[in-house]
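Visitor: Please read through the structure below; I'll follow up with questions.
The values are calculated or read from the model by the stated rules, or taken from the named source; none is laboratory data. Predicted model, so just to flag it, every value in this text is computed and none were measured. Cβ sites come from the backbone with ideal geometry, for glycine too, and all protein chains shown count toward neighbours.
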Amino acid sequence: MKSIAIIGASGYTGAQITSLIDADNNLVIQGLYVSENSLDKGKPLSELYPTYSHISQSLSPLSAEAKALIVKQADGVVLATDHAVSLHLAAWFFEQGLAVFDLSGAYRFSDTTQYPKWYGFEHDYPEVLSHAVYGLAEWNAAQIADSKMIAVPGCYPTASLTALKPLSSLLTAVLPVINAVSGVTGAGRKAQLNTSFCEVSLTPYGVLGHRHQPEIVTQLGQEVIFTPHLGNFKRGILATITVQLKAGTTEADIKAAYAVYDDAPLITVKQNQFPKVDDVTNTPNCHLGWKFDPQTGYLVVASAIDNLMKGAASQALQCIKIHFKY
C-alpha cells in the first residue's frame, strides 16, 4: 500500500483527489496539508466539504516539520497548489526522492522560456524540469511509470488533446478551432465577483492569450485556435473542435484513428452522436462524439469531461496507478 500526501487539500481539486485516494484500497492518505497562513488549517476536511463526512483527517499547516514527516512517511505527494507554489515544492519533494504528481502548470513545458510568458515566473529548476513528463494518461503511460516528476495536464488540454491526438496524422495545415466551455469550479474555490455563480453568464475569456493554448500546441505538435468560455454551471467541460482533414480521408480512416481508444476504459467514442456535460459529471470519463463531411473534409468532434475529475483529480489518480504499477 502506497502512502500519499496531499498539499492544497482545501481547494476543489485537492478535496476531490483526497476523496478518490481515500476510496482506493491500494492507497492511504499520509496527511492533508494547506499553507501555514491558510485560514483553513486545523479544520477537518469534512467541515469544508460535508459531502466528504467519511474522511476524518484535518488540514495541517505545511511547516518544515510537516515536510520532513512527509518525506519520512510518504511514497508520493500530490500538489494541488498554485503554479508558483508548486514550482518550489515539486522540486524539493522530487529531490527528496518522492514521486510528485503536480496539478499545476509549473512543469508542463520542457521549454523554460514558456514560463515567464504564460505563468509570470522564471523556472528555477531546469534539472528537475528535465525529468518531468506530461501526465496525459492514455498517451504517456510508459513515461509516467518511469519518472517521479509527473505534470498532470490542464483540464482544457485534456479535453482537447484526447479528441485531437488520434487525428494528428490526418490534419491539414488549416488550424483546428477549439471552442470550449468550463463550469465555474475551474476558477477555483477563492471567492471572486466575476466567477460568482450568480454573476456568470456564458462568455469567452482569455481570447488569443490563454495559457492552455501553448500547452495544447506543445503536446499536439500543431498550432490551434483555442477559445475558452465560462459557463453558468458548476463543473464539467465541453470542447467542440472543428478540423479539416487531408484530401481522401474517409470515415473508415477516422474510425481507425479513434480505435486507439478501444482498450481505454475511460474513453468513449461515438460517431454522429455528441456528448453533453451531464454525461460525465462526477466521473473520470471522457466522451467523444464526431461527425465528418467528406465533401468539404471538415470534421467536428466534441469532447466532454469533468474538469475536476478527468481534467484534474481522477487523471492524477490514473497517473498514480500507472506510476506505482497497480
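Visitor: Restricting attention to the range 141-166, which residues are outside any helix (DSSP H, G or I) and farther than 17 Å from G236 by Cβ?
Guide: Going residue by residue through the range 141-166, those that are outside any helix (DSSP H, G or I) are 147-154.
Those that are outside any helix (DSSP H, G or I) and farther than 17 Å from G236 by Cβ: S147, K148, M149, I150, A151, V152.
Visitor: Name the residues in the range 195-234 that are within 22 Å of Y12 (Cβ to Cβ), in a loop (DSSP other than H, G, I, E, B) and touching a residue at least 60 places away in the same chain (Cβ under 8 Å), would you? Walk me through how you get there before you give the answer.
Guide: Let us first name the residues in the range 195-234 that are within 22 Å of Y12 (Cβ to Cβ), namely 195-203, 205-206, 210-212, 215, 228-234.
Add one more test, that the residue is in a loop (DSSP other than H, G, I, E, B), and what stays is 196-202, 205-206, 210-211, 231-234.
Within the range 195-234, just R211 meets the criteria.
Visitor: Additional query: For the range 47-86: of the residues being among the hydrophobic types (A, V, I, L, M, F, W, C), in contact with a Ser or Thr (Cβ under 8 Å, 6 or more places away or on another chain) and not in a strand (DSSP E or B), which is surrounded by the most Cβ atoms within 10 Å (Cβ to Cβ)?
Guide: Step one: list which residues in the range 47-86 are among the hydrophobic types (A, V, I, L, M, F, W, C), which gives 48, 55, 59, 62, 64, 66, 68-71, 74, 77-80, 84-85.
Restricting the remaining residues to those that are in contact with a Ser or Thr (Cβ under 8 Å, 6 or more places away or on another chain) gives 48, 55, 59, 62, 66, 74, 79-80, 85.
Filter once more, keeping what is not in a strand (DSSP E or B): 48, 55, 62, 66, 74, 80, 85.
Working: L48: 15, I55: 20, L62: 23, A66: 16, A74: 22, A80: 27, V85: 16.
For the range 47-86, the residue satisfying everything is A80.
Visitor: With the requirement that a residue be closer than 21 Å to L136 by Cβ and of a type in the set (F, W, Y), what does the range 255-284 give you?
Guide: Y258, Y261
Visitor: Here is a further query. Restricting to the range 235-268, what's the tally of residues that are of a type in the set (D, E), free of Cβ contacts under 8 Å to residues at least 40 places away in the same chain and either buried (at least 18 other Cβ atoms within 10 Å of the Cβ) or over 30 Å from Q16 (Cα atoms) (or both)?
Guide: Looking only at the range 235-268, we keep the residues that are of a type in the set (D, E), and these are 251, 253, 262-263.
Next, only the ones that are free of Cβ contacts under 8 Å to residues at least 40 places away in the same chain stay: 262-263.
Subsequent filtering for residues that are either buried (at least 18 other Cβ atoms within 10 Å of the Cβ) or over 30 Å from Q16 (Cα atoms) (or both) retains none.
Result for the range 235-268: 0.
Visitor: Given the condition more than 15 Å from the chain's Cα centre (by Cα), surrounded by fewer than 22 Cβ atoms within 10 Å (Cβ to Cβ) and either closer than 24 Å to N285 by Cα or among the aromatic types (F, W, Y) (or both), answer yes or no: does some residue in the range 96-114 qualify?
Guide: no
Visitor: Within the group S60, S35, which residue is out of contact with any Phe, Trp or Tyr (no Cβ under 9 Å at 6 or more places or on another chain), without any contact (Cβ under 8 Å) to a residue 60 or more places away in the chain and of a type in the set (S, T, Y)?
Guide: Values: S60 fails: out of contact with any Phe, Trp or Tyr (no Cβ under 9 Å at 6 or more places or on another chain).
Matching residue, one of S60, S35: S35.
Visitor: What do you reckon, is Y326 in contact (Cβ under 8 Å) with a residue 24 or more places away in the chain, farther than 28 Å from Y12 by Cα and not assigned by TED's automatic domain parsing to the domain that holds A80? Step through it out loud before you land on a result.
Guide: Values: in contact (Cβ under 8 Å) with a residue 24 or more places away in the chain: yes; farther than 28 Å from Y12 by Cα: no; not assigned by TED's automatic domain parsing to the domain that holds A80: yes.
It is false that Y326 is in contact (Cβ under 8 Å) with a residue 24 or more places away in the chain, farther than 28 Å from Y12 by Cα and not assigned by TED's automatic domain parsing to the domain that holds A80.
Visitor: How many residues, within the range 269-294, are part of a strand (DSSP E or B) and buried (at least 19 other Cβ atoms within 10 Å of the Cβ)? Steps first, answer last, please.
Guide: So in the range 269-294, the residues part of a strand (DSSP E or B) come out as 269-271, 286-293.
When the remaining residues are screened for being buried (at least 19 other Cβ atoms within 10 Å of the Cβ), the result is 269, 286-290, 292.
Of the residues in the range 269-294, 7 are part of a strand (DSSP E or B) and buried (at least 19 other Cβ atoms within 10 Å of the Cβ).
Visitor: Name, by its number, the condition in (1) assigned to a loop (DSSP other than H, G, I, E, B); (2) out of contact with any strand residue (DSSP E or B) (no Cβ under 6 Å at 6 or more places or on another chain); (3) closer than 21 Å to P284 by Cα that does not hold for A9.
Guide: In the conditions (1) assigned to a loop (DSSP other than H, G, I, E, B); (2) out of contact with any strand residue (DSSP E or B) (no Cβ under 6 Å at 6 or more places or on another chain); (3) closer than 21 Å to P284 by Cα, A9 misses (2) alone.
Visitor: For T227, indicate whether it is modelled with pLDDT of 95 or more and touching a Phe, Trp or Tyr at 6+ places or on another chain (Cβ under 8 Å).
Guide: Values: modelled with pLDDT of 95 or more: yes; touching a Phe, Trp or Tyr at 6+ places or on another chain (Cβ under 8 Å): no.
Judged against the criteria, T227 is not a match.
Visitor: Where residues in the range 13-46 are assigned to a helix (DSSP H, G or I) and crowded, with 21+ Cβ neighbours inside 10 Å, which of them is farthest from the chain's Cα centre (by Cα)? Reasoning before the result, please.
Guide: Of all residues in the range 13-46, those assigned to a helix (DSSP H, G or I) come to 13-22, 45-46.
Imposing the further condition that a residue be crowded, with 21+ Cβ neighbours inside 10 Å reduces the set to 13-18, 21, 45.
Values: T13: 10, G14: 12, A15: 15, Q16: 12, I17: 12, T18: 15, I21: 16, L45: 22 Å.
My answer is L45.
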